[in-house]
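J.: Handing you this structure, nothing more for now.
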Ligand code: PXP
């Protein structure tokens with residue numbers, strides 16, 4: 001069975017929106033792991049829009065307690081790299097990051113040599129300074145890019161599924177995506193590198209990927225937190241009505 005990584009960034013988005021200490025990011029990690037998540041994923045962004053520095057260690061303590069991996073997503077920013085080295089996550093997923101973007105907009109551009117060298121240096125530093133760490137690179141399912149990936153000391157690629165997920169949501173054809181994901185899976189797995197996926201996936205757009213047994217791991221965040229609002233809204237409203245009723 002494929003693994004599910006639960007990305008809990010948007011629990012922190014809600015917390016940061018009001019500057020409160022709830023909802024608790026560690027409680028989100030605990031509940032996800034109790035529900036069967038295979039790992040917890042968080043993205044420490046340069047602008048700290050959701051996950052904050054102390055969250056990284058706090059979530060790691062929870063994943064450790066459950067014997068499950070913490071997957072830390074990061075851009076190749078020197079300050080963030082140091083935090084990763086200090087916290088020693090089990091997995092590091094290197095992503096491209098632009099401050100002005102609403103969310104990660106695509107895979108790493110490894111065909112640009114300057115970028116490639118930065119990613120290479122970060123991979124070398126992580127492997128040297130974090131014993132046993134595993135690294136994945138967030139990339140498009142593009143052969144030239146994947147050929148650059150296999151030159152590096154990495155354990156997996158995470159394929160950007162955002163465009164596929166958009167096509168699915170808009171009822172556009174998805175066959176070309178599925179074919180590309182399949183042919184690149186063969187290439188990557190022939191190099192003994194893991195084949196993961198993430199971004200923009202929902203319970204529905206996950207189905208064709210799972211049916212075709214394309215990826216060993218899926219990292220999903222935004223849809224889970226959105227869905228959780230509606231699975232919990234009724235009970236939250238009832239809680240407050242109970243308070244009012246018992247005091248009428
Ligand atoms: N994987 C990577 C590399 C990401 O950057 C993100 C978003 O932070 C995700 C997975 C999860 O994407 P979503 O929140 O759209 O499910």
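Every read-out reported here was derived from the displayed coordinates using simple, explicitly stated rules and does not represent laboratory data. Just so you know, these numbers come straight off a predicted model, no measurement behind them. We place every Cβ from the backbone using ideal geometry, glycine too, and count neighbours over all the protein chains shown.
J.: Using only Cα atoms, tell me the angle between helix 25-34 and the longest principal axis of the chain; keep it within 0 to 90° and round to the nearest 10.
T.: It is inclined by approximately 80 degrees.
J.: For residue 13 and residue 190, what is the calculated FRET efficiency with R₀ set at 45 Å and r taken between the beta-carbons, to the nearest 0.05?
T.: 0.70
J.: Okay, moving on. Could you tell me which of rounded, prolate or oblate describes region 83-224, using a ≥ b ≥ c as the square roots of the eigenvalues of the alpha-carbon gyration tensor, with rounded for a/c under 1.5 and, failing that, prolate when a/b is larger than b/c and oblate otherwise?
T.: Working: a/c = 1.71, a/b = 1.53, b/c = 1.12.
Prolate is the answer for region 83-224, as a/c is 1.5 or above and a/b outweighs b/c.
J.: Per DSSP H run of n ≥ 4, the term is -39500 (n - 2.57); total these for the chain, divide by its residue number, and report the mean residue ellipticity at 222 nm rounded to 500 deg cm²/dmol. Walk me through the numbers before you get to the answer.
T.: Details: 10 runs with 122 residues, N = 248.
Value at 222 nm, helices only, nearest 500: -15500 deg cm²/dmol.
J.: Before anything else, pin down the relative contact order of region 124-197: Cα pairs under 8 Å, at least 6 apart, normalised by residue count, whole percent.
T.: Working: 73 pairs, mean separation 24.9, N = 74.
Reported as a whole number, the value is 34 percent.
J.: Which peptide among 168-175, 191-198 comes first, and what is the full order, when sorted by highest mean count of other Cβ atoms within 10 Å?
T.: 191-198, 168-175
J.: Rounded to two decimals, what is the ratio between the C-alpha radius of gyration of the chain and 2.2 N^0.38 Å?
T.: This ratio for the chain stands at 1.05.
J.: Note down the relative contact order for the chain as a percent, whole number, built from C-alpha pairs under 8 angstrom at least six residues apart.
T.: Relative contact order here is 17 percent.
J.: State the Cα centre-to-centre distance between region 223-248 and region 37-113 in whole Å.
T.: First find each Cα centre; the distance between them is then 31 Å.
J.: Could you give the angle, 0 to 90 degrees to the nearest 10, between helix 78-87's Cα long axis and the longest principal axis of the Cα atoms of the chain?
T.: Roughly 70 degrees between the two axes.
J.: Same structure again: Is the shape of region 177-248 rounded, prolate or oblate, going by the alpha carbon gyration tensor and its root eigenvalues a ≥ b ≥ c, with a/c under 1.5 for rounded and a/b larger than b/c for prolate?
T.: Prolate, because a/c is 1.5 or more and a/b exceeds b/c.
J.: Note down the relative contact order for region 43-139 as a percent, whole number, built from C-alpha pairs under 8 angstrom at least six residues apart. Walk me through the intermediate numbers first.
T.: Values: 124 pairs, mean separation 26.2, N = 97.
The value is 27 percent.
J.: Follow-up. Please label the shape of region 14-145 as rounded, prolate or oblate, based on the square roots a ≥ b ≥ c of the eigenvalues of the alpha-carbon gyration tensor (a/c under 1.5 means rounded; beyond that, a/b larger than b/c means prolate, else oblate).
T.: prolate
J.: Something else now. To test your reading of the geometry: what angle, between 0 and 90 degrees and rounded to tens, separates the Cα axis of helix 175-190 from the longest principal axis of the chain?
T.: It is inclined by approximately 60 degrees.
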